[in-house]
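Here is the structure we will look at, set down as structure tokens.
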Amino acid sequence: MAATEWDEVWLSEFAESVNLAPTAKAIARRKARRDARSTLTGAIAKLLVFALAIGVLFTWAFGLFRITGSGMEPTAGDGDLALTSRVVQSLQADDVVVYQVDGEQTVGRVIAQPGDTVEVTQDGEIKINGGLQPLEYGLKTFPQPSGPSYPLTLGAGEFYVLADGRGSARDSRTYGPIGISEVEGKVVALLRLRGI
């Protein structure tokens, strides 16, 4: 083949390959699709990391507890949700806690802490360290026949917990003080779902 013929074939093939080459618009479309895919992949990855972090947070640091019964009325009622902090380093009087006793998970208010002496009288009064406590919501608090003997001095890591609705609720008047190991979380927020 002569040099000029060969040049013409080469030029023809080159022209054909140039015609088949993508245009600037096609290149821009491909780049946009690739960028969109990587953005979507990045967003999905971020969403998965966020969901995992929330899952770990709620497994380790926080918990949700659905209140059953009327033991904590008027503070909380049947069906309300309690958001609890599971990172409990110390409890104070008046803290509301979720705890477990005899395989039953319940909620109550701490009224006495380690070292305190509690007395629930037959007159429906509560004394802590000899001091008469005001009536909670105007309700008297009576001891339970099967409960602990009074006066009761709490040991290290023990708390005396009462339900706000004192009538038929089971609390420390029934089974005595609870240990810190029985506390599953301190209530940090209540979501009222009654009637929904």
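Things to note:
- Label-point separation, VAL56 to SER181 (7 Å along Cα→Cβ), nm: 2.8
- Between the helical axis of 24-60 and the longest alpha-carbon principal axis of the chain there is an angle of about 20 degrees.
- Helix 3-20 axis, angle to the chain major axis (alpha carbon atoms, nearest 10°): 30
- Calculated FRET value between ASP102 and GLU125, using beta carbons and R₀ = 25 Å, to 0.05: 0.40
- Among (1) 205; (2) 133; (3) 124, the entry derived from the coordinates for volume of the Cα convex hull per residue in Å³: (1)
- 11 Å beta-carbon shell around LEU132, net charge (K/R +1, D/E -1): -2
- In whole percents, the pair-distance distribution calculated for region 113-177 from its alpha-carbon pairs, binned every 5 Å from zero, is 4, 19, 31, 29, 15, 2, 0.
- Once the Cβ-Cβ distance of ALA36 and GLU13 is raised to the sixth power relative to R0 = 41 Å, the FRET efficiency obtained is 0.70.
Bear in mind that the values in this text are calculations on the coordinates, not laboratory data. All of these numbers come straight from a predicted model, not from anything done at the bench. Glycine gets a Cβ as well: all are built from the backbone with ideal geometry, and neighbour counts include every protein chain shown.
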